[in-house]
Amino acid sequence: MAVSAADRQRDALRLRERAEARRVRCLAGLNDVDQAKFGQFFTPEAAAALIAALPRLPLSGRLRVLDPGAGTGALAAALAARVLGECLEIDLEIVAVEIDAAVAKALAETLADITQTFDRYGLRVTTGVVVGDFIDLSTGLLDRHPSVDEPFDIVIMNPPYRKLASSSAQRKALLQQGVECPNLYAAFLALGTVALSSDGQLVAITPRSFANGPYFAQFRRFMLDMVALDHIHIFESRSTVFSETGVLQENIIFAATRGRKGEDVVLTVSHGHKDPASVRVVPYSAVVNSGDVHRFIRIPAGDDDTTIAELMTSMPASCSDLGVQVSTGRVVDFRSRTSLVPADRDRAVPLVYPGNLRSGVVEWPRDIRKAQGFLVTEPADEKLLLPPGNYVLVKRFSAKEERRRVVAAVWLAEQSADPVAFENHVNVLHVRGAGLDLPLALGLSYWLNSSVVDTYFRTFSGHTQVNAGDLRTLRFPSVAQLRALGADRSVLLPDQAELDAIVNKVVTARGIAA
């Protein structure tokens, strides 16, 4: 009897649905201890289909696939369903690695389901389940399994999310492989990249946090030296993909090819994993700038973001060029409890918290339920203070619902003739441990609070933290331009429209409209 494309598409959908039923059943049986231990977040059916849609598939031939941290096999099922539904004549070989022996039973059921479904259409499938830790198997901490030795055409993954202790055997083993991985998902990505054949493709859903910052710098260099990004999908919502597990994490899906030269990158954006996506194509340089020693991965969601990225790249100065240093505040309040006193206590100097930053200036003291005086009680306390002066402060953390990601304000020398203490949750811009001249301080604050900087920061940062390293690598106008921004102006930050109009005069002078 002839087989129609509709038959294959129907069975492809049913294959995915059965895999989803196993996922839901298995998720309900997980206990919190094991889930935290293994970093387990199983992939919902719609997200799995979205991930499986990214790799390039041949019309025929053999395709060797690795799914490390496979869970119940949602990704393997989604990829197999795509082969079936698109009527491709591909011989599949699927190797799935899962650390949890109980979950591996459901995984084996999914792989057997794939085989039985493909048998109806005369398609060859070879499957294998490896029960063990993918990192240990790949780094030699466990004997390598024969099925993971041969390179793979596709590595598709939803890796576990958990930190790796710097003293752990796994982290040390990864260092011996030439890569520094601060957490499990970075380790899986690095080892998945190594497992690829030439022109093989890595497809993954991960937190966006690896895209920028010093924490992942060595890992980014390792991965981007081996693969070029082909496709990035971002979600406007933080909460939809893994909502069943209460995860509020900005995730991305990306595809990359080993040994490929960076060309265009396809960018897609959807609200959640079940929503339609917008599509655009940008040059590789808009995502990974060859001149960026930090190898930040910028993800411009629209044409305006690309324009902003080009504008920022054109700015002439970094903090170092400006002669400005960035440090985190020196006072860790729980370590200095005996020094924390009310602001009006005799001999106390000002202590500034993120909650004191308001409308471009520092309101001190302010009713924030914090002791805002710092009393020097021993000689070591003197080292926690900065001399009187003008300082630019930037919140290190912003709330998820906060309108701005970058929030800056100026502490004015005139606010106190005494030294000042800054709490550890603010970044401090200073000149060799002393204050800035007022026009430069105001100009820096205007620039950091502009929509230009906020939009740019969002193109490469997937979290609400603003690190000192982020500020050090940010681009700025020249010293003269910044002083011109801050000259003869009110100390209070203008409203956003007025501020952006002022800043726009600087950036349009460089030939690009903000």
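The values are calculated or read from the model by the stated rules, or taken from the named source; none is laboratory data. Everything numeric here is computed off the predicted structure, so don't read it as measured data. Cβ atoms come from the backbone with ideal geometry, glycine included; neighbour counts cover every protein chain shown.
Scan the range 167-185 for residues that are out of contact with any helix residue (DSSP H, G or I) (no Cβ under 7 Å at 6 or more places or on another chain), in contact (Cβ under 8 Å) with a residue 12 or more places away in the chain, polar (S, T, N, Q) and surrounded by fewer than 19 Cβ atoms within 10 Å (Cβ to Cβ) and jot them down.
GLN176
Might you check whether a residue that is assigned by TED's automatic domain parsing to the domain that holds ASP11, out of contact with any strand residue (DSSP E or B) (no Cβ under 8 Å at 6 or more places or on another chain) and not basic (Lys, Arg) occurs anywhere in the range 153-160?
Residues of the range 153-160 that are assigned by TED's automatic domain parsing to the domain that holds ASP11, as a first pass: 153-160.
Keeping just the survivors that are out of contact with any strand residue (DSSP E or B) (no Cβ under 8 Å at 6 or more places or on another chain) gives 160.
Among the residues that remain, those that are also not basic (Lys, Arg) are: 160.
Within the range 153-160, one or more residues are assigned by TED's automatic domain parsing to the domain that holds ASP11, out of contact with any strand residue (DSSP E or B) (no Cβ under 8 Å at 6 or more places or on another chain) and not basic (Lys, Arg).
If you take just the helices (runs of 4 or more DSSP H) that sit entirely in the range 5-53, which of them hold at least 2 residues that are surrounded by fewer than 20 Cβ atoms within 10 Å (Cβ to Cβ) and at pLDDT below 90? Lay out the reasoning, then the answer.
Details: elements: 5-28, 32-38, 45-52.
Where helices (runs of 4 or more DSSP H) fall fully within the range 5-53 and carry at least 2 residues being surrounded by fewer than 20 Cβ atoms within 10 Å (Cβ to Cβ) and at pLDDT below 90, they are 5-28, 32-38.
Which ones in the range 130-160 are crowded, with 19+ Cβ neighbours inside 10 Å and closer than 23 Å to ALA53 by Cα?
Once the filter is applied, which keeps residues that are crowded, with 19+ Cβ neighbours inside 10 Å and closer than 23 Å to ALA53 by Cα, the range 130-160 yields PHE152, ASP153, ILE154, VAL155, ILE156, MET157, ASN158, PRO159, PRO160.
With the requirement that a residue be among the acidic types (Asp, Glu) and farther than 26 Å from ASN467 by Cα, what does the range 184-238 give you?
Answer for the range 184-238, where residues must be among the acidic types (Asp, Glu) and farther than 26 Å from ASN467 by Cα: ASP199, ASP230.
Here are the criteria: (1) in contact (Cβ under 8 Å) with a residue 40 or more places away in the chain; (2) surrounded by fewer than 16 Cβ atoms within 10 Å (Cβ to Cβ). Tell me which single one ARG347 does not satisfy.
Unmet for ARG347, out of (1) in contact (Cβ under 8 Å) with a residue 40 or more places away in the chain; (2) surrounded by fewer than 16 Cβ atoms within 10 Å (Cβ to Cβ): (1).
Which count do you get for residues in the range 413-432 that are in a loop (DSSP other than H, G, I, E, B) and either aliphatic (A, V, I, L, M) or under 22 Å from ARG347 (Cα atoms) (or both)? So that I can check it myself, show each step before the final result.
So in the range 413-432, the residues in a loop (DSSP other than H, G, I, E, B) come out as 416-419, 424-425, 432.
From the residues that got through so far, the ones that are either aliphatic (A, V, I, L, M) or under 22 Å from ARG347 (Cα atoms) (or both) too are 416-419, 424.
The total comes to 5.
Yes or no: the range 78-89 includes at least one residue that is closer than 26 Å to ARG144 by Cβ and at pLDDT 95 or above.
Step one: filter the range 78-89 for residues closer than 26 Å to ARG144 by Cβ, giving 79-80.
With the extra rule that they be at pLDDT 95 or above, the set shrinks to 79-80.
The answer is yes, given that some residue of the range 78-89 is closer than 26 Å to ARG144 by Cβ and at pLDDT 95 or above.
Do any residues in the range 197-208 that are surrounded by fewer than 21 Cβ atoms within 10 Å (Cβ to Cβ) have Cβ atoms under 8 Å from those of residues that are in a strand (DSSP E or B) and modelled with pLDDT of 95 or more, where the two are at least six apart or on different chains, and which pairs are they?
SER197/ARG64; SER197/PHE152; SER197/ASP153; SER197/ARG258; SER198/ARG258; ASP199/THR257; ASP199/ARG258
Among the residues of the range 98-114, which ones are modelled with pLDDT under 95 and of a type in the set (Val, Ile, Thr)?
ILE99, VAL103, listed by residue number.
Run down VAL392, VAL410, VAL376, VAL406 and say which single residue is under 22 Å from SER320 (Cα atoms), assigned to a loop (DSSP other than H, G, I, E, B) and in contact (Cβ under 8 Å) with a residue 24 or more places away in the chain. Explain how you work it out, then say what you get.
Details: VAL392 fails: assigned to a loop (DSSP other than H, G, I, E, B); VAL410 fails: assigned to a loop (DSSP other than H, G, I, E, B); VAL376 fails: under 22 Å from SER320 (Cα atoms).
Just a single option satisfies the conditions, and that option is VAL406.
So the check is Cβ under 7 Å with 6+ separation or different chains; which pairs have a first residue in the range 126-139 that's under 16 Å from ALA76 (Cα atoms) and a second one that's hydroxyl-bearing (Ser, Thr, Tyr)?
THR127/THR115; GLY128/SER147; VAL130/SER147
What about ASP275, is it among the acidic types (Asp, Glu), in contact (Cβ under 8 Å) with a residue 12 or more places away in the chain and either in the same structural domain as TYR215 (by TED's automatic domain parsing) or surrounded by 13 or more Cβ atoms within 10 Å (Cβ to Cβ) (or both)? Let's see the steps before the verdict.
On the way: among the acidic types (Asp, Glu): yes; in contact (Cβ under 8 Å) with a residue 12 or more places away in the chain: no; either in the same structural domain as TYR215 (by TED's automatic domain parsing) or surrounded by 13 or more Cβ atoms within 10 Å (Cβ to Cβ) (or both): yes.
For ASP275, the condition - among the acidic types (Asp, Glu), in contact (Cβ under 8 Å) with a residue 12 or more places away in the chain and either in the same structural domain as TYR215 (by TED's automatic domain parsing) or surrounded by 13 or more Cβ atoms within 10 Å (Cβ to Cβ) (or both) - is not met.
Given the condition assigned to a loop (DSSP other than H, G, I, E, B) and in contact with a Lys or Arg (Cβ under 9 Å, 6 or more places away or on another chain), answer yes or no: does some residue in the range 189-211 qualify? Quick ask: steps written out before the conclusion?
Start the filter on the range 189-211 by keeping residues that are assigned to a loop (DSSP other than H, G, I, E, B), which leaves 195.
So of that shortlist, the ones also in contact with a Lys or Arg (Cβ under 9 Å, 6 or more places away or on another chain) come out as none.
Checked against the condition, which is being assigned to a loop (DSSP other than H, G, I, E, B) and in contact with a Lys or Arg (Cβ under 9 Å, 6 or more places away or on another chain), the range 189-211 yields no hits at all.
Quick one: which helices (runs of 4 or more DSSP H) lie wholly within the range 439-514 and hold at least 3 residues that are more than 23 Å from ASN390 (Cβ to Cβ), modelled with pLDDT under 90 and among the aliphatic types (A, V, I, L, M)? Steps first, please.
Numbers: elements: 451-460, 468-473, 479-486, 496-508.
Per the criteria, 496-508.
Can you tell me which of VAL293, VAL266 is surrounded by fewer than 20 Cβ atoms within 10 Å (Cβ to Cβ), assigned to a strand (DSSP E or B) and within 27 Å of the chain's Cα centre (by Cα)? So that I can check it myself, show each step before the final result.
On the way: VAL293 fails: assigned to a strand (DSSP E or B).
That would be VAL266, the only listed residue that is surrounded by fewer than 20 Cβ atoms within 10 Å (Cβ to Cβ), assigned to a strand (DSSP E or B) and within 27 Å of the chain's Cα centre (by Cα).
Is it the case that the range 83-98 has a residue that's touching a helix residue (DSSP H, G or I) at 6+ places or on another chain (Cβ under 6 Å) and either basic (Lys, Arg) or assigned to a helix (DSSP H, G or I) (or both)? Working first, answer last.
Going residue by residue through the range 83-98, those that are touching a helix residue (DSSP H, G or I) at 6+ places or on another chain (Cβ under 6 Å) are 84-85, 87, 90, 94-98.
Still in the list and also either basic (Lys, Arg) or assigned to a helix (DSSP H, G or I) (or both): 84-85.
Yes, because at least one residue in the range 83-98 is touching a helix residue (DSSP H, G or I) at 6+ places or on another chain (Cβ under 6 Å) and either basic (Lys, Arg) or assigned to a helix (DSSP H, G or I) (or both).
Just need a number here: residues in the range 309-324 that are in a helix (DSSP H, G or I) and either over 23 Å from the mean Cα position of the chain (by Cα) or at pLDDT 90 or above (or both).
To start, the set of residues in the range 309-324 that are in a helix (DSSP H, G or I) comprises 309-314, 319-322.
Those left that are additionally either over 23 Å from the mean Cα position of the chain (by Cα) or at pLDDT 90 or above (or both): 314, 319-322.
The total comes to 5.
Keeping to the range 172-188, report how many residues are in a loop (DSSP other than H, G, I, E, B) and polar (S, T, N, Q). It would help to see each step written out before you state the result.
Filtering the range 172-188 for residues in a loop (DSSP other than H, G, I, E, B) gives 177-182.
Narrowing further to those that are polar (S, T, N, Q): 177.
Looking only at that region, the number is 1.
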